[in-house]
Amino acid sequence: MFRKPFRRGAIRQAMRPDAPPMLQRAHELMASGNYPAAAEAFEQLARGAEARQHPKTGQLYLQAGRAHILAGQKETGFAHLKRGLGLLAGQPVQLHHAGNRVVSELKEQGMTAEAQEIVQWLKTNSPVQPETMGGAPAASARKPVLPTKCPGCGGPIRAEDVDWIDEVTAECNWCGSAVRADG
C-alpha cells in the first residue's frame with residue numbers, strides 16, 4: 001500500500017544506461033596502451049553500431065581510427081577517421097570539435113598530408129570552417145569541470161564534445177550515461 005520514496009541516488013542510477021562490457025573493455029585496452037586490440041574492439045563496435053544506425057557510430061569510428069594509428073596501422077586508421085567524420089557531418093558542433101581534434105592528432109603523429117586532407121574536406125563539408133578551429137572558448141561558454149572518464153563505460157570525456165543536459169550534467173558520447181561535473 002505504501003510506496004517507498006524515490007531517492008535521489010535512484011534517479012542518477014535510472015539516468016545511467018548499462019554500458020556494454022565490450023565498450024568498457026575497448027576503453028580499458030586503449031588506456032593500457034594495447035592499441036591493436038583496442039582498434040579491433042572499437043572497429044567491431046563501430047560496425048555493429050553502424051548496422052543499427054546508432055547515433056554514437058561516428059565517435060566509435062574515430063576511436064577505432066586513433067587506435068589503428070597508434071598501433072602503426074596508419075592507412076586503416078586514417079580511413080576510419082574519415083568514416084567517423086563523415087558520420088558526424090549532420091552534427092555541425094560535434095564535427096567542428098572532432099575535426100579540430102583529428103587534425104591536431106594527425107599532425108602530432110607526423111601525418112601532415114593526411115591532416116591537410118581533413119582540413120580540405122572540412123572546408124567543403126562543414127558549416128564551421130577549419131580556420132576558426134583551435135581557439136579557446138569564450139569565458140561565457142566555459143562549462144563546469146567534468147570527470148576525465150565516464151563512470152559508466154570508462155570512455156574519455158571532453159567538455160567541448162559532450163551534449164549538456166543541464167548546467168552541471170552532460171551526456172557521455174560513448175554510452176549515454178549522465179555525467180555530473182565535480183562541484
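The values are calculated or read from the model by the stated rules, or taken from the named source; none is laboratory data. Worth saying up front: this structure is predicted, and the values here are computed from it rather than measured. Ideal geometry is used to build each Cβ from the backbone, glycine not excepted, and the neighbour counts take in all protein chains shown.
Structural remarks
- Screening Ala39 with (1) in contact with a Gly (Cβ under 8 Å, 6 or more places away or on another chain); (2) more than 19 Å from Ser177 (Cβ to Cβ); (3) at pLDDT below 50 gives one miss only, at (3).
- Scanning region 39-70 for residues that are assigned to a loop (DSSP other than H, G, I, E, B) and closer than 17 Å to Val102 by Cβ turns up just one, Lys56.
- Any hit, region 95-107, residues being in contact (Cβ under 8 Å) with a residue 12 or more places away in the chain and loosely packed, with under 14 Cβ neighbours inside 10 Å: yes
- In region 53-77, of all residues being modelled with pLDDT of 95 or more and more than 16 Å from the chain's Cα centre (by Cα), the one that is surrounded by the most Cβ atoms within 10 Å (Cβ to Cβ) corresponds to Ile69.
- Total residues in region 157-183, condition among the aromatic types (Phe, Trp, Tyr) and within 11 Å of the chain's Cα centre (by Cα): 1
- Subset tally (residues that are surrounded by 11 or more Cβ atoms within 10 Å (Cβ to Cβ) and at pLDDT below 90) for region 108-141: 6
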